[in-house]
Amino acid sequence: MIKLKNYMEAQFGDLFPDGTDKNMLMLREDEPDDTVLEQFLHSGQKSLPVLDKEAKIIGVMDKVSTLRYLLEKYKSTVGVLETILNNTYDGIILVDKKGIITKINRAYLDFLGISEEDALGKHVTDVVENSRMHIVVETGKAEIGHAQRIRGKDTVVMRLPILKDGEVVGAVGKVMFRDVRELKTLAENLNLIESELKYYKTELHRLKGAKYSFENIIGNSEKISMAKQLAKQAAASDSTVLIYGESGTGKEIFAHAIHNYSCRRFGPFVRVNCGAIPGTLFESELFGYERGSLHRRPKRRQTRQI
């Protein structure tokens, strides 16, 4: 038999050698579980043993202490939610299944110009003009982005049903835009951002893309015409194109023109001045290299231009 003074240091299995612990609710110190606490409150069990990592009993909770713990945790959670709700810019309102206002945040009260006492416990239609919150409760269908005139202003609102176990128990509404002019301002800002993005894309393509086309290659001689025709054929192919010639003969312009004439003209144009790369480094500079045995790091390919 385990003496009372050794109770707190006993193993759980020692206290219940007959296996009665199999159906008994337990709570581990390092794994607090509110579900276990709630089950304990509704069970016929008188006390809830608290175990440490080694399954030693370090405490016992009764139903009064359990209720106190859950209540404090609930109050803390509600307090955080209240703070968030009252510090958000959007006006938010909640109604029950009868359309009675159960919660309304500070932003909505300020927008309506009323106090909390003027709203709570009253039907939503008596507080908010042109409201359809009670209709959303009846239909169970959300209404998003609807226009609603409130206090002489055309607002944009959202109404959502609140479901519990598949049943509508209320609705939540939010003033998305207090004035349609806010929506217009947002649309203008989005258009401005879109225009800037388009401009930067164009600039990026201009800076990284090929600058010249075949129209920029001036000349009507037979050789120039043949070179341009051959370059156009090369542009239509996916094969690698090698352009060679003396310095100053227009190799780079032809490279630009081939790129702009090909199906890859919307992609980046990589400029590499081969003449500036020493012959001994040409291959590794273009295609990368593998670290040799002199390097301590494992072998791996170092990619470069291509």
### Query
Here are some residues: V64, V50, V60. Which one is of a type in the set (A, V, I, L, M, F, W, C), over 30 Å from R178 (Cβ atoms), modelled with pLDDT under 80 and touching a Gly at 6+ places or on another chain (Cβ under 7 Å)?
V50
### Query
Taking the stretch 242-262, which residues are within 14 Å of K228 (Cβ to Cβ) and aromatic (F, W, Y)?
F254, Y261
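Do we find that L71 is under 29 Å from E182 (Cα atoms), free of Cβ contacts under 8 Å to residues at least 24 places away in the same chain and in a helix (DSSP H, G or I) in this structure?
no
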### Task
May I ask you to verify whether T20 is exposed (fewer than 12 other Cβ atoms within 10 Å of the Cβ), at pLDDT below 70 and not assigned by TED's automatic domain parsing to the domain that holds R106?
yes
### Task
Kindly check whether there is at least one residue in the stretch 164-180 that is surrounded by fewer than 16 Cβ atoms within 10 Å (Cβ to Cβ), in a helix (DSSP H, G or I), without any contact (Cβ under 8 Å) to a residue 40 or more places away in the chain and under 29 Å from the mean Cα position of the chain (by Cα).
yes
### Message
Can you say whether P268 is at pLDDT 70 or above, over 17 Å from F214 (Cα atoms) and either among the acidic types (D, E) or not in a helix (DSSP H, G or I) (or both), as far as the supplied structure shows?
### Response
yes
### Query
Right, V80: at pLDDT 80 or above and assigned to a helix (DSSP H, G or I) or not?
yes
### Task
Run R151 past the list (1) surrounded by 14 or more Cβ atoms within 10 Å (Cβ to Cβ); (2) in contact with a Gly (Cβ under 9 Å, 6 or more places away or on another chain); (3) of a type outside the set (V, I, T) and report the number of the one that doesn't hold.
(1)
### Message
Contact list please: Cβ distance under 6 Å, first residue in the stretch 202-215 and aromatic (F, W, Y), second residue assigned to a helix (DSSP H, G or I) and at pLDDT 70 or above, pairs at least six apart or on different chains.
### Response
Y212/I253; Y212/H256; Y212/A257; F214/K228; F214/A257
### Query
For the stretch 183-194, does any single residue satisfy the condition of being under 27 Å from the mean Cα position of the chain (by Cα) and touching a residue at least 12 places away in the same chain (Cβ under 8 Å)?
yes
### Message
Could you tell me how many of the residues in the stretch 105-160 are out of contact with any strand residue (DSSP E or B) (no Cβ under 9 Å at 6 or more places or on another chain), under 20 Å from L183 (Cβ atoms) and modelled with pLDDT of 90 or more?
### Response
0
#### Entry: Checklist (1) over 14 Å from A171 (Cβ atoms); (2) surrounded by 14 or more Cβ atoms within 10 Å (Cβ to Cβ) applied to K75, failing item
(2)
### Query
Does K201 satisfy being in a helix (DSSP H, G or I) and under 18 Å from V270 (Cα atoms)?
yes
#### Entry: Given (1) in contact with a helix residue (DSSP H, G or I) (Cβ under 6 Å, 6 or more places away or on another chain); (2) at pLDDT below 75, number of the condition H295 does not satisfy
(1)
### Task
Could you figure out which of (1) at pLDDT below 85; (2) within 21 Å of F269 (Cβ to Cβ) isn't true of E182?
(2)
### Matching residues, the stretch 96-108, being farther than 15 Å from S131 by Cα and surrounded by 18 or more Cβ atoms within 10 Å (Cβ to Cβ)
K103, N105, A107
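The values are calculated or read from the model by the stated rules, or taken from the named source; none is laboratory data. Note that the structure is a prediction, hence the values are computed from the model and not measured. Cβ: placed from backbone, ideal geometry, glycine included. Neighbour counts: every protein chain shown.
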